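Here's the structure we're looking at; comments come further down.
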Amino acid sequence: MMARGELSAAREAFDDIVVRHQRRASRIALMYLRDAAEADEAVQDAFVRAFTRLETYRDEHPFEVWFTRILVNACVDRQRARQRRARRLVALEDLAFEPAAGRSASPERRAVGLAWREAVNAAVERLPARQREVFALCHLGDHTPRDVSMMTGMRESTVRVHLFRAVHKLRAALGAWRDLR
Amino acid sequence: MIFAEWHPDDERLLGHYADRTADQTLDQHLAWCRPCHRRLSAMTRDLEGWHLAAAEHADEAFDHQRLAAQRRGIQQRLGAAVPGRVLPFPVPGSPERHAPLARVAAAVLLVALAGAGVFRVLQMPERVSSPAASRGAPSRTTAAVRLVREGADAADLEDIDLALLRPRTAVAELRALDEFTPHVRDIVAPRR
Ligand SMILES: [Zn+2]
């Protein structure tokens with residue numbers, strides 16, 4: 001067996017990768033799962049899986065694409081587990097976000113900013129699952145439709161259609177905010 | 001003779017934004033067509049606004065404390081799921097917007113030779129600015145070999161080192177190294 005010090009060195013080394021990717025991963029997972037605790041768990045699942053499967057990584061895709069695919073799967077697993085739990089429960093959990101207060105900025109701006117963020121998140125939540133998924137990966141994850149196609153197994157043309165529909169819906173839903181902000 | 005005037009539709013504009021690659025026909029059109037230029041600007045403003053709103057929202061939920069706790073959670077779980085053999089590759093990992101694929105970030109190479117009592121951790125430098133930079137600075141990678149315990153074969157390490165110098169290390173080479181070094185698979189115990 002590995003000595004304790006060796007293992008901790010290995011984990012410490014992997015921590016650099018975690019630091020580099022965790023914020024983006026958390027954003028994507030949150031948009032996917034719409035629940036911070038679930039998103040947190042999904043991100044941890046994904047990193048642990050990535051660590052134990054690094055030897056399956058092939059260099060035809062960048063690491064980030066490979067890792068995001070693992071993350072997407074982790075989110076899907078969490079989502080399914082949640083659906084199974086929900087079916088067992090009489091009442092669904094409230095998945096709505098708790099609006100968190102902004103930090104500095106005037107009260108008016110803060111209020112508008114918070115309301116705007118709520119509006120964006122509500123509009124994104126109303127998107128159909130596939131559109132939300134593609135939107136999260138393309139837009140929040142900063143990935144091109146081609147990368148998202150590799151991550152999700154969807155055809156690139158399908159990714160583009162979902163993205164376009166998502167953006168179209170969001171623009172329609174949030175159009176009224178353009179002059180307020 | 002009247003030519004129907006062409007203007008890109010919203011889908012084309014969105015593709016231009018999402019792909020981050022040049023679209024010569026579109027670029028030429030945008031250079032002179034002010035209405036389309038304004039349409040693209042408006043779309044970009046919307047997209048960037050949503051990005052900011054969603055990112056701020058997520059970052060507030062995942063503040064520094066939570067991210068630190070997340071890392072601790074991962075570390076704890078890694079302790080329960082020890083891979084005998086982990087072979088990563090140079091990875092593009094910069095979170096910079098608009099260039100997600102173009103960068104090479106640090107990679108970790110763990111070679112655990114548990115039976116032989118040999119364990120090494122090789123790590124690329126913290127900041128590798130570009131593939132070209134890493135190619136031009138072999139000594140940095142060599143210097144980054146962080147932990148080499150007794151029993152390590154210098155030639156073997158050099159091979160790994162050389163393989164790591166290229167941004168896209170040939171899989172065949174790493175497979176060869178993989179074959180060369182023993183595996184410890186039985187101790188993998190993923191926590192669920
Ligand atoms: Zn035009």
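The values are calculated or read from the model by the stated rules, or taken from the named source; none is laboratory data. Predicted, not measured: the structure shown is a model, and the values here were computed from it. Every residue, glycine among them, receives a Cβ derived from its backbone with ideal geometry; neighbour counts consider all protein chains shown.
Observations
- Region A:84-135, subset at pLDDT 80 or above and surrounded by fewer than 16 Cβ atoms within 10 Å (Cβ to Cβ), residue nearest to the other protein chains (Cβ to nearest Cβ): A:Glu118
- Scanning region A:142-173 for residues that are touching a Lys or Arg at 6+ places or on another chain (Cβ under 6 Å) and not in a helix (DSSP H, G or I) turns up just one, A:Asp142.
- Enumeration of residues in region B:46-68 that are assigned to a helix (DSSP H, G or I) and more than 8 Å from chain A (Cβ to nearest Cβ): B:Glu48, B:Leu52, B:His64, B:Gln65, B:Ala68
- Subset of region B:21-42 that is surrounded by 14 or more Cβ atoms within 10 Å (Cβ to Cβ) and within 14 Å of chain A (Cβ to nearest Cβ) - its residue that is farthest from the ligand (Cβ to nearest atom): B:Asp23
- For region A:21-70, filtering for residues that are buried (at least 20 other Cβ atoms within 10 Å of the Cβ), assigned to a loop (DSSP other than H, G, I, E, B) and either in contact with a Lys or Arg (Cβ under 8 Å, 6 or more places away or on another chain) or more than 8 Å from every other protein chain (Cβ to nearest Cβ) (or both) leaves 1.
- Hey, A:Val76 more than 22 Å from B:Arg20 (Cβ to Cβ), at pLDDT 85 or above and outside any loop (DSSP other than H, G, I, E, B) or not: yes
- Flag for A:His168 being surrounded by 20 or more Cβ atoms within 10 Å (Cβ to Cβ) and out of contact with any His (no Cβ under 7 Å at 6 or more places or on another chain): no
- Subset of region B:1-13 [touching a helix residue (DSSP H, G or I) at 6+ places or on another chain (Cβ under 6 Å) and either within 14 Å of chain A (Cβ to nearest Cβ) or more than 15 Å from the ligand (Cβ to nearest atom) (or both)]: B:Pro8, B:Glu11, B:Leu13
- Listed by first and then second residue, the pairs linking a residue in region B:32-47 that is closer than 20 Å to A:Asn121 by Cβ and without any contact (Cβ under 8 Å) to a residue 60 or more places away in the chain to a residue that is of a type outside the set (A, V, I, L, M) and more than 8 Å from the ligand (Cβ to nearest atom), with Cβ atoms under 6 Å apart and 6 or more places separating them unless they lie on different chains, are B:Asp46/A:Arg171.
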